[in-house]
């Protein structure tokens, strides 16, 4: 998953935009994709990122702290196993 700086993305029309973070979200063995949402979950000034497992993956939701993403250290802030099925999970 790549997270871009919105200001540089808009300024250059997507060409050579600044990447804030670049990491693999979700189960590394599953290629069903991930669902993504962004919200300030912990009340600081940074937007946090939530991901949910895609099709064929466990129903796991993971939150990544926005302040850590700026330093490109995508350690999970929270991780929740929502049920024991392989249906993925919707975040948003």
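Since every read-out is calculated from the coordinates, none of them should be taken as a lab result. Quick caveat, the model's predicted, so the values are computed rather than measured. Don't worry about glycine lacking a Cβ; one is built from the backbone with ideal geometry, like all the others, and counts go over all protein chains shown.
Tell me, 36, 28, 49 in order of fewest to most beta-carbon neighbours within 10 Å? Don't jump to the answer; show the numbers that get you there.
On the way: 36 15, 28 7, 49 24.
Ranking 36, 28, 49 by Cβ neighbours within 10 Å, fewest first, gives 28, 36, 49.
Any chance you could run the full-extension gain for residue 37 through residue 24? It's 0.36 nm times the residue separation minus the Cα-Cα distance, nm to one decimal. Mind dumping the intermediate values first?
On the way: separation 13, 0.36 × 13 = 4.68 nm, distance 1.52 nm.
The span from residue 37 to residue 24 would gain 3.2 nm if fully extended.
Let me know the Rg and Dmax you get for region 33-72 when you use only its Cα atoms, in Å.
Computed over the Cα atoms of region 33-72, radius of gyration and Dmax are 11.1, 34 Å.
Taking the Cβ of each residue in 65, 31 as the centre, tally the other Cβ atoms inside 10 Å and list the residues starting with the fewest.
Starting with the residue having the fewest Cβ neighbours, the order is 31, 65.
Taking the Cα-to-Cβ direction at residue 4 and at residue 55 and moving 7 Å from each Cα, how far apart do the two end points lie in nm?
Spacing of the two 7 Å Cα→Cβ label points: 2.6 nm.
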